[in-house]
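Before any comments, here is the structure.
The values are calculated or read from the model by the stated rules, or taken from the named source; none is laboratory data. As the structure is a prediction and not an experimental result, all values here were calculated from the model. Reconstructed Cβ throughout: ideal geometry from the backbone, glycine too, with neighbour counts over all protein chains shown. Only protein heavy atoms, including side chains, enter the accessible area calculation; ligands, DNA and RNA are left aside. Shrake-Rupley method; radii C 1.70, N 1.55, O 1.52, S 1.80 Å.
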Amino acid sequence: MEENINIIKSASIPEREEIIVDFARWLETASQEAVVYGEGRFATMSANMAEAIRINADELARDRPEVAERVLQQAFAMISQFKAAYPHRVISQSVH
């Protein structure tokens, strides 16, 4: 993930958009895992951030790359904090 942030400025517009959408997917996955762990606020925040990133992916990719880089750094920080709190990957997402 970090290497994607580092190359965002030198990437082409389609590559940038793909990287941005990948981050949205990673946030959505973290959101789903947060629901399993009972972290409702994190699940909501990361799902909302993923949606905002996905909706604005084209604009983020075409406009200033430094803004896209900053957004991706914030997304990476959220994912890293969650993974630090819950280092074990969710095998099943069944909630009873």
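Based on the Cβ-Cβ distance from R89 to E2, what FRET efficiency comes out when R0 is 30 Å, to the nearest 0.05?
Working: r = 19 Å, r/R0 = 0.63.
Step by step, r from the Cβ atoms, then E = 0.95.
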To the nearest Å², the heavy-atom accessible area per residue of the chain with 1.4 Å probe amounts to 64 Å²
Rounded to the nearest 10, the angle in degrees between the Cα long axis of helix 40-55 and the longest principal axis of the Cα atoms of the chain comes to 30 degrees
On the accessible surface of the stretch 12-96, probed at 1.4 Å with all protein chains in place, carbon and sulfur together account for a percent value of 51 percent
In debye to the nearest 20, the charge dipole size for the chain, taken about the Cα centre with +1 at each Lys and Arg Cβ and -1 at each Asp and Glu Cβ, equals 260 debye
Charge dipole of the chain built from unit charges on the beta carbon (Lys, Arg +1; Asp, Glu -1), centred at mean Cα; most positive-end Cα among A43, I19, Y86 is Y86
Computed over the stretch 1-56, the relative contact order (Cα-Cα under 8 Å, seq sep at least six) in percent reads 34 percent
